[in-house]
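To keep things clear, I will list the structure first and then write my remarks on it.
What follows is calculated from the coordinates using simple rules that are stated; it is not laboratory data. Quick caveat, the model's predicted, so the values are computed rather than measured. Note that each Cβ is placed from the backbone with ideal geometry, even for glycine, and that neighbours are counted across all protein chains shown.
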Amino acid sequence: MRDIILKGHRISRNFGGLQALKDVSFEVEQGKIFAIIGPNGAGKTTLFNIISGFDRHFGGEILFMDKVISGLSSHLITRKGIGRTFQNVRLFNNLSVLENVAVGCNGWVSAKLFRSIFGVRSSIREENSIRKYAEEMLQFVGLEKKKDHEVESLPLGEQKLLEIARGLAAKPKLLLLDEPGAGLNEKEMESLKTIVFKIKEKGITQIIVEHNMKFIMTISDEIMVLNFGRKIARGTPKEITKNEK
Ligand SMILES: Nc1ncnc2c1ncn2[C@@H]1O[C@H](COP(=O)(O)OP(=O)(O)OP(=O)(O)O)[C@@H](O)[C@H]1O
Ligand SMILES: [Mg+2]
């Protein structure tokens, strides 16, 4: 039996007269890499915003680990175990590389402790546990040497890896990556591939939106194709390639 971690049932989203998503249903299997592909404007990011609770004005239902999560706030959804990165990098430029990852720990650290780290009363012992975890995540994506750097000094490729480290810092069961390869050179794509496989080894399920087809075909277990807000195909990389021909 397939162990389904995330289920979308007839997801629809309108922006004024524009139907960004129309009756999209899908199932994501636990531990797998599920890719979403489709041309610009197909509705991929819209779907990510819906799953992660950033957009709550949609039709249909989302189930995460058999529980309805549609309608919950993004904060609660993060706490339940869904992490994400953004198509346009969203990092805090006034914080260091390490601090940006520490922000990701927000989901499992108590609000009181979190306040103590970013100012007010400092509690050294607990602060260390977060620092250690954030450093571990930086090491995971290969950025540990840059931990004290300013975010703006990092090239785009490293900023994208930093976003993944921050997403992982929340200890997600499901991670959504929105075009992690955009703007990366070939060497950076290779390290991204390694990181994605390492995340899979940890047992974390991933949904990845990406335009780089070579990358998608090598990493995905299953692919869903969207076009003008509609699901037009789903299958393994092999099945999708065969259909294209
Ligand atoms: N907040 C919004 N208000 C109005 N229209 C929107 C909004 N967000 C998205 N859209 C529209 O919905 C459609 C789907 O957009 P979306 O960003 O989901 O596409 P995408 O598949 O992620 O495309 P890309 O590959 O370019 O990132 C587009 O036509 C877009 O212009
Ligand atoms: Mg997008």
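Taking the chain as a Gaussian network of alpha-carbon nodes connected by springs under 10 Å, the highest mean-square fluctuation of the residues Lys173, Lys187, Lys146 belongs to Lys187.
Note on the chain: with a GNM built from Cα contacts shorter than 10 Å, the maximum mean-square fluctuation among Gly16, Gly60, Gly104 falls on Gly16.
Subtracting the Cα-Cα distance of Asp3 and Arg230 from 0.36 nm times their residue separation leaves 79.2 nm of extension gain. Legend: distances between Cα atoms for Lys193/Lys242; Lys147/Lys231; Lys22/Lys187; pairs beyond 32 Å are Lys147/Lys231; Lys22/Lys187. If the chain linking Gln139 and Thr241 were pulled fully straight, counting 0.36 nm for each residue of separation and taking away their Cα-Cα distance, it would gain 33.2 nm. Work through the residues other than Ser191 whose Cβ is under 11 Å from its Cβ and net out their charges, Lys, Arg +1 and Asp, Glu -1. Once positives and negatives cancel, what remains is 0. Once the Cα-Cα distance is subtracted from the 0.36 nm per residue extended length, the Glu29 to Ser129 segment shows a gain of 32.8 nm. The calculated FRET efficiency for the pair Ser73 and Phe197, based on their C-beta separation and a Förster distance of 35 Å, comes to about 0.65. Backbone amide hydrogens, once placed in the peptide plane, bring Arg84 within less than 5 Å of Leu176, excluding anything fewer than 5 places away on its chain. The helix-only estimate of mean residue ellipticity at 222 nm for the chain, built from DSSP H runs of length n ≥ 4 each weighted as -39500 (n - 2.57), is -11000 deg cm²/dmol after division by the residue total. Once the Cβ-Cβ distance of Lys187 and His149 is raised to the sixth power relative to R0 = 25 Å, the FRET efficiency obtained is 0.80.
Qualifying chymotrypsin sites (Phe, Trp or Tyr not before Pro) in the range 30-109, where qualification requires a DSSP coil assignment and no more than 11 other C-beta atoms within 10 Å, comprise Phe92.
Measuring r between the beta carbons of Phe54 and Ser96 and using R0 = 30 Å, the FRET efficiency lands at 0.75. Of the trypsin sites (Lys or Arg not before Pro) found in the range 1-57, the ones in coil according to DSSP and having at most 11 other Cβ atoms within 10 Å of their Cβ are Arg2.
In straight-distance terms, cross-link reach from Lys80 covers every one of the lysines whose alpha-carbon lies under 18 Å from its own, apart from those fewer than eight places away in the same chain; here that gives Lys7, Lys67, Lys171, Lys173, Lys202.
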